1. Looking at region 377-396, is at least one residue within 20 Å of the chain's Cα centre (by Cα), open to solvent by less than 50 Å² (accessible area, probe 1.4 Å) and not basic (Lys, Arg)?
2. Output the residues belonging to region 81-90 that are assigned to a helix (DSSP H, G or I) and either touching a residue at least 12 places away in the same chain (Cβ under 8 Å) or among the polar types (S, T, N, Q) (or both).
3. Could you list, in sequence order, all residues of region 289-318 that are closer than 25 Å to Gln420 by Cα and hydrophobic (A, V, I, L, M, F, W, C)?
4. Among the numbered conditions (1) open to solvent by 50 Å² or more (accessible area, probe 1.4 Å); (2) away from the ligand (no atom under 11 Å from the Cβ); (3) more than 23 Å from Val142 (Cα to Cα), tell me where Ala284 comes up short.
5. For region 348-357, state whether one or more residues are under 20 Å from the mean Cα position of the chain (by Cα) and over 28 Å from Leu14 (Cα atoms).
6. Restricting attention to region 223-262, which residues are over 24 Å from the mean Cα position of the chain (by Cα), away from the ligand (no atom under 12 Å from the Cβ) and not aliphatic (A, V, I, L, M)?
7. From Gly430, Gly390, which residue is away from the ligand (no atom under 13 Å from the Cβ), touching a Ser or Thr at 6+ places or on another chain (Cβ under 8 Å) and farther than 17 Å from Val305 by Cα?
8. Please determine, by comparing only the residues of region 444-463 that are touching a Lys or Arg at 6+ places or on another chain (Cβ under 9 Å) and open to solvent by 40 Å² or more (accessible area, probe 1.4 Å), which one is farthest from Gly29 (Cα to Cα).
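The values are calculated or read from the model by the stated rules, or taken from the named source; none is laboratory data. All of these numbers come straight from a predicted model, not from anything done at the bench. Methodologically, a virtual Cβ is constructed for each residue, glycine included, from the backbone with ideal geometry; neighbour enumeration extends over all protein chains shown. Ligands, DNA and RNA are excluded from the accessible area calculation, which covers all protein heavy atoms including side chains. Shrake-Rupley method; radii C 1.70, N 1.55, O 1.52, S 1.80 Å.
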Amino acid sequence: MKKVAVVGGGISGLATAYEIDKRLRAAGGHCELRLFEAEARVGGKIGAARRDGFLCEAGPNGFLDSKPSTLNLCRELGIEDQLLRSRDAAARRFIFSRGELHQLPGSPPAFFRSRLLSLPARLRMVAELWAPVSPPGSDPTVAEFGRRRLGREAAARLLDPMVAGVFAGDPERLSLGSCFPRIAELERDYRSLIRALLALQLKRGRRSGGGPAGPGGTLTSFAGGLSVLPDTLAQALADRVACAAPLTAMERTAQGYRLYLGPDRQTYDCDVAVLALQAADAVAPLQSLDTRLAGVLEQFEYAPVAVVGLGFEQAALQTRLDGFGFLVPGEERRRILGSLWTSSIFAHRAPDGCVLLRTLIGGARNPELALLPEAQLIELARTELRQILGIAAEPVFVQVFQWPRAICQYTVGHRERLQQVEARLSALPGVFLTGNSYRGVALNDCTQNAVRTADAVTSYLAAAG
Ligand SMILES: Cc1cc2nc3c(=O)[nH]c(=O)nc-3n(C[C@H](O)[C@H](O)[C@H](O)COP(=O)(O)OP(=O)(O)OC[C@H]3O[C@@H](n4cnc5c(N)ncnc54)[C@H](O)[C@@H]3O)c2cc1C
């Protein structure tokens with residue numbers, strides 16, 4: 001009987017194991033499947049603190065409904081009825097610039113009225129229509145692309161906070177093509193982003209403008225928090241999931257691979273090993289199989305992020321937090337990346353009469369801040385919220401999460417590093433790598449890559465007989 005091991009119980013590993021299992025069952029094959037997770041619980045970056053009526057997510061707070069992979073998974077798992085769409089208020093997103101919050105304009109007239117950019121910078125954006133296109137085969141940074149196409153000010157006040165919001169990253173180092181492949185594609189195909197947007201709007205008829213969470217779709221979660229998804233996947237896989245079983249080393253055998261798990265070095269022999277780990281966590285186990293592959297994976301960088309959840313009684317605040325929250329451009333030199341107004345985005349996140357904010361600290365901009373002791377992080381978040389939003393009240397709920405390796409940074413050269421990884425893997429038949437270090441960090445990317453990896457695994461097993 002063939003044996004398949006999936007290592008890592010974050011959304012990538014769980015979804016990949018589920019998809020493989022589904023294909024094996026459909027083929028009527030007799031294969032054994034196991035998932036090994038290092039921690040005592042599954043979910044990886046997905047998790048939450050639930051206390052006193054507050055539900056504070058540790059990492060992601062939702063996925064966009066504009067791509068089908070995660071929604072499809074929810075439908076198959078029978079948890080579609082638990083899905084929770086963000087409130088209409090979440091369409092209002094803000095940028096903190098020069099001492100005030102500016103609402104992100106949602107239409108061209110609103111853009112020209114907005115004071116987020118100076119008038120010359122707004123006019124400069126029109127010149128995007130004629131800006132030089134990235135040379136074929138080049139790998140521009142997000143910042144260089146932004147300055148060339150949109151102008152210096154728009155790059156600093158629009159693109160920079162967007163990069164902070166998605167990658168907690170440094171736009172001067174991140175690769176446009178690896179981080180935002182769709183934008184690179186639109187530039188290539190239409191030679192202008194404005195032209196691309198107009199053409200796509202025409203194609204979609206007048207259905208432009210997007211859902212409540214903006215043009216990318218509607219942010220979606222579950223009434224019970226995002227953990228509903230990994231928990232349901234783990235239930236579907238049942239006793240094939242082993243927690244507290246970290247992979248420490250791998251070795252080649254005549255049939256496939258031997259995995260060493262946990263401190264007592266239990267072994268599991270398998271034909272296929274899917275490592276759904278951050279690249280950095282795959283380095284040590286792969287070292288004994290292929291030092292050069294481990295060496296490439298060691299080059300992947302991560303930005304640390306701290307999430308500080310603060311709950312307040314609404315009556316104690318002077319402001320109504322009515323919107324998605326705000327992001328801060330790097331040029332502001334503040335100590336936070338932004339703040340998400342969680343209870344305004346989703347229902348069921350704070351008890352009646354209370355609000356919940358999640359403030360993000362660190363990233364590639366200020367990595368050292370993300371790793372400060374908890375008490376200092378809370379003080380820092382409260383000071384910034386007092387200065388930016390005027391919130392001086394005592395919080396009634398406090399929760400800190402720290403991720404030393406929160407999000408993989410797809411810096412320039414990521415594409416070439418992926419090619420090197422692929423080349424090394426071709427000499428290790430039956431070993432597959434997936435997860436957010438490679439081809440997209442969003443939950444939708446993770447679930448889409450799970451489908452691709454499962455297809456590759458089943459083709460491999462079919463070819464191997
Ligand atoms: C603060 C924050 C906010 C985010 N917000 C959003 C958002 O709103 N929307 C969105 O789409 N995305 C968001 N993301 C990104 C998204 O959460 C991640 O990309 C995604 O959850 C990664 O899933 P994964 O399974 O690839 O990795 P992980 O969740 O990191 O899972 C990897 C798993 O492997 C396990 N592991 C590690 N080493 C071993 C080993 N040796 N043996 C066995 N197991 C091991 C780990 O314990 C972990 O469970 C956010 C990320 C962060 C950090």
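1. Taking region 377-396 as the starting set, the residues that turn out to be within 20 Å of the chain's Cα centre (by Cα) are none.
There is no residue in region 377-396 that is within 20 Å of the chain's Cα centre (by Cα), open to solvent by less than 50 Å² (accessible area, probe 1.4 Å) and not basic (Lys, Arg).
2. Start the filter on region 81-90 by keeping residues that are assigned to a helix (DSSP H, G or I), which leaves 81-82, 88-90.
Correct list: Gln82, Asp88, Ala89, Ala90.
3. Going through region 289-318, the residues closer than 25 Å to Gln420 by Cα turn out to be 289-303.
Within region 289-318, Leu289, Leu293, Ala294, Val296, Leu297, Phe300, Ala303 meet the criteria.
4. Failing condition for Ala284: (2).
5. Checked region 348-357: at least one residue is under 20 Å from the mean Cα position of the chain (by Cα) and over 28 Å from Leu14 (Cα atoms).
6. Selection gives Asp239, Arg240, Glu251, Arg252, Thr253, Gln255, Gly256, Tyr257, Arg258.
7. Numbers: Gly430 fails: touching a Ser or Thr at 6+ places or on another chain (Cβ under 8 Å).
Only one candidate passes the filter, namely Gly390.
8. As a first pass, look at region 444-463 and keep what is touching a Lys or Arg at 6+ places or on another chain (Cβ under 9 Å): 444-445, 447-449, 452, 454-455, 457-458, 461.
So of that shortlist, the ones also open to solvent by 40 Å² or more (accessible area, probe 1.4 Å) come out as 448, 452, 455.
Working: Gln448: 24, Arg452: 19, Asp455: 15 Å.
Filtering region 444-463 for residues that are touching a Lys or Arg at 6+ places or on another chain (Cβ under 9 Å) and open to solvent by 40 Å² or more (accessible area, probe 1.4 Å), the one farthest from Gly29 (Cα to Cα) comes out as Gln448.
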